[in-house]
Structures are given as structure tokens and as C-alpha cells.
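Here the structure is laid out as C-alpha cells; the discussion comes afterwards.
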Number of protein chains: 2
Amino acid sequence: MKRVPQVVRPPDLPERVTIYEVGPRDGLQNESTVVPVEVKADFISRLAAVGLQAIEVTSFVHPAWVPQLADAGELVEAVDLDAVPRMPVLVPNQRGLDRALEAGVREIAIFGSATEAFAQRNLNRSLDGQFAMFEPVVTGARDAGLRVRGYLSMCFGDPWEGDVPVAQVVSTGRQLLELGCSELSLGDTIGVGTPGHVEAVIGGFADAGVPVEQLAVHFHDTFGQALSNALTALRLGVTTFDASAGGLGGCPYAESATGNLATEDLVWQLAGLGVETGVDLQALVATTWWMAERIGKPPASRVATALR
Amino acid sequence: MKRVPQVVRPPDLPERVTIYEVGPRDGLQNESTVVPVEVKADFISRLAAVGLQAIEVTSFVHPAWVPQLADAGELVEAVDLDAVPRMPVLVPNQRGLDRALEAGVREIAIFGSATEAFAQRNLNRSLDGQFAMFEPVVTGARDAGLRVRGYLSMCFGDPWEGDVPVAQVVSTGRQLLELGCSELSLGDTIGVGTPGHVEAVIGGFADAGVPVEQLAVHFHDTFGQALSNALTALRLGVTTFDASAGGLGGCPYAESATGNLATEDLVWQLAGLGVETGVDLQALVATTWWMAERIGKPPASRVATALR
């Protein structure tokens, strides 16, 4: 049984990319099982040990909204925030930023929407109104020396609006960058996008003069397209890829058990392509199974299943 | 909930491709549940009705080797062999060809190996010796006016030999074509290949002067790479893609529950890319769930799960 892919490196790919691990936040937020804080801290420590360079720790959201992350304050206390180069916390508002600053977090993420319907439902703001809400948070974070990542959700489709125009995605994404975000994560929140669509969206940002180094991609595997879409982004020069260990997380807006792109499946592909990630795949698979036993659900990752 | 992808067609893709459905043969052959012959016939009839243009019916292999397909003769009698343009049967030897000719089959497939180890284990022949075994079968079939597809297995890795040189894949594949096969299906039997590797193998055949129209690709999703690899082949001009409804089938040479590339996930991608397949996706998903209930196992297809 082969446990590593044969390396065949095509020309013109990045030498190295960053996998931005979202399992502890986006993953666990969308799992029905609530995980004890000490298990989350252990999970993050294990993810750091396998070589991941960016791990999103949690979200300082109000506990009533996301009960799975109600222990965010306690978790951030329990975690070594210097374990890997980037350990951001998602913050929805000024109160969240205050908590992040108190906790000594060095990077935050904000969560915007590319559509009116989701801005209304998730943020209780209009599409344009969300920026006024984010502005003091981003400014305050930057003034305190923090790095800010901007998530842009529903970039490839919306469960209420259907298709989302590329021009609208580019326009909302640029506004997040102009507020002061140093990285923009383009989210296919419901997992409907296909590779030509990915090219159109990334091409739209290139046409608008946004450097590809500022873009990250965040694909959900609801329709099995996540890894093909990541490959497409990689070929266009994107070097930051959101993924979750074992494919943790579901999609709250689709009738599906599948969550984020599985980190293992991405690592296998990148290893075969000769693109460095720093991740020890066997150690990652072991961590995924350790977590799967704690939430009582097998991983959605094909690689984790094959290499158990 | 979106039930169809937004169409964004990149330039330089084929207008239309053929999905070669292997669920009834490769899929059911590798499922532990033995399915009654009337259910198989019904499955094939449903697959034909959803718009697939090529469906591999079964294999005229000795029942002792593959008990799941011991009903092959009865099945071929029960199926309308004119239901769709291509309805091949796999034949391992002269006896199989005789049965195919008696049954009125118009296309056969033979199953070769790109590696010495698998040729020995699966065919009891050496890598070179397999061609002497296939020669009279292919010649007999062609003399009788049948079309012949050649499978080449283990093109991207072998569980006993490990890495497989591209030159060896190209050399064995060309020998199958020279025997008289009109199509060559390049199999990643253990699902280890990645996109750069796919480019190298398909590029190897191009360099050897084999027209891309003669190539098909057959990917297993053991390591989650199947759809990315299919996308890579599509971009290189390949127009025939093996897939199985619901991802039916396992890999007998890997510790995995995942089988072939799921037809639904491929159809979703091709629909998003604006590439015609003729397949009605909702009807296909319904057929997959109908079959899943009969074998008592949920489909591995993400799309089938999301669109249930």
C-alpha cells in the first residue's frame, strides 16, 4: 500500500503554500457535538505539532449565536498563541476585538458577505452596511498592531439568491481589503462552485489590480468540488488554502454531511505536485482520527480513511 | 438550496464528453453485497434512462474469480443491448469472447496491466506475456465487427511495485492499441495519482503520437484525487471519463471504502464548466439512491448526498 504520492511537479506552480487550518473554528462550529475546551486545546496543540503554519483558534462570537464556541475565552487562555506563525481568532464586532486584545491575540479575522441576503441573515446589516460595522474593528485592530484577515462568504452562490455576480464579489472583496484587511479569503460557503467559476472570480480580482498574494480560497466539499477548485486556484498563483483536518464541519445551509476541504486530501495533492506545505501527513491523519474518536464521527477525508 | 451549478465555461474545453459508466461492472464487482440479476438489469435500464451514453454491463469472467458477477450471462440476456450507444462487456479470454459473441454484444473490453506484479497476480502472465493472451481475443472480436476497449491498470502506482515509470505505462498502453483496441482507459487502480502525474502520463502518450481521442481516464477516489485528475485530463483534451454512479465500488488493493470517481460529482463539475454530457443529474441521483437502498450502503458521492 502506497502511503505517499509519486512527486511529479508541473512547471509554474508556487514552491510553497500555506494551509490555513480552520478545523477548530469553522469545523467544530458546524459539528453538532460540543467538544470540551481541554480537547479543543489539545487538538490545536496537535495540529501545531504536525507542521501547520496557520491555525484559526476560535471565534469571539456571542455564545448564544454559536454555542459550540461558547468557551472561546477559556480556550484562548489554554492555547499557546506562539505555537505556529499565525493563530487568528474570528471577531464579529468591537466587543470581540476587545476580548482579542485582552487575550494577546496577534491576528483577527472578520466575516463579511458577498450577498445582500446573507449579510442580512448573518450580520443583520445590508450588503453595504456591513462595512460600516467592520470599519472600527479593522481600524482598532490595525492600530493595535494586529493583522486582519477578511472572509468573504457566498462568493460562488447563495442559498437564497442563487447565482452571485462576479463583479459583486470583486466589489465587496475590494472593500474589505480597503478597510485594512491584509488577506481576503474567498468562500464557497455552500460548495457549489466549479473550476471555470473559480477562474472567473480570481481573474476578476486580478483585473481589479488585487495582488494574488492577498487572496486565500475557502472551499466546502458539499458537491465534491473543493479539491478541483483548490487546484484551479493554485494554478492561478494562490498560495493560501483554507482546509479542515478530516473535513470537519458541515454546511449549515445545505442538506449535507460534508464540510470544508479536508486538509489531508489537499496535502496529498500538494505533495504529489511537489509543493511544500511543511505538514507531516501521517501525523495529521493520526490527529484527525484522535479528534474523530472524540466527536464520535468518522472523518470525511478520503486520505484519512485510506491511511488510518 | 442550489440544485445546479452556475455555468462558467473556460476557453479550450471540449464541447461534449462521454461518461463511461462502470457502476454495474467495476462498481458492483468490488461491493461485498451480491446483487440479484433482476436488480442489476433494472439498474442498467435506469442508468440508460438518465442519459448516459456508455454503460459497461458486466464481465464474462469465471464465476470462481468474481462471484459478484457470476450471473453475467443471465444479465446480458435480460438487458437491452441497444439501450445506449455503447454497452460493452469485459472479457478476460477466448471463452469470454465466445460468450460475448453468442450474446450479441457489440463491444468488449479487455483488462491489461501496466506493471509486472499486477500482470502476474491478476492475469498469471508476465508484463509482456499478457499481449500474447489478448491478441487472439482482440483479433477475434475485431474480425466479428466488435469494438474493443483496452483497460490499462496501475498506471499511477502499484501496491506491490510502488511508483510506475511513465515510459512503461506508455509502452504497455501502445501495445494494447497496436493489438487493435480503439480506446485505451488509463486506470489509477489504487487512486494515488495527482494532477502533475496525470499530465506526465497523458503527455507521454501525446509524445508517442497517440491521438488524445483514443484515451479515456479511469480514476479511483481512494485518496480524494479522482475529480482533480479528471479535470486535468479534460484540460488536456481527453473526452472519455470512466465513473460509477454513487461512487460504487471499493478498491480491493487499498484499505478504503471509496471506489470509482462518482458520476454525479463529475457531472456537476462538467455542468458548471459548460461541457455537455447528456446526463439528467437529478434522475441520476435518484437512481443512485435507489441502488444504495438495494446494497444497504449510502453513496460515496458528495452530490448524491447533497441532492438526495
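Read the figures in this text as sums done on the coordinates, not as results from a lab. Being a predicted model, the structure only gives us computed values, none of them experimental. Please note: Cβ atoms are built from the backbone with ideal geometry, for glycine as well, and neighbour counts cover all protein chains shown.
Distance from the C-alpha centroid of segment A:1-42 to that of segment A:180-214: 20 Å, rounded to the whole angstrom. Listed from fewest to most Cβ neighbours within 10 Å, the set A:VAL79, A:VAL91, A:VAL7 follows the order A:VAL7, A:VAL79, A:VAL91. Under the rule of at least 5 residues apart or a separate chain, name every residue whose amide H is placed under 5 Å from the amide H of B:PHE111. Hits under the 5 Å cutoff: B:TYR151.
Placing a pseudo-label 7 Å from each Cα along the Cα-to-Cβ vector at A:GLU161 and B:GLN94 gives an inter-label distance of 6.9 nm. The Stokes-Einstein estimate for the protein assembly as shown, based on a Kirkwood radius over Cα pairs and taken at 25 °C with 0.890 mPa s viscosity, is a diffusion coefficient of 98 µm²/s. Over segment B:18-306, the hull volume per residue, using the convex hull of the C-alpha atoms, is 112 Å³.
For segment B:191-308, the Cα gyration tensor yields ellipsoid semi-axes of 26, 17, 10 Å (square root of five times each eigenvalue, largest first, whole Å).
Of the residues B:ASP188, B:ASP80, B:ASP280, the one with the fewest other Cβ atoms within 10 Å heads the list, and the complete ranking is B:ASP80, B:ASP280, B:ASP188. Modelled label positions at B:GLU178 and B:ASN124, each set 7 Å beyond Cα in the direction of Cβ, lie 2.7 nm from each other.
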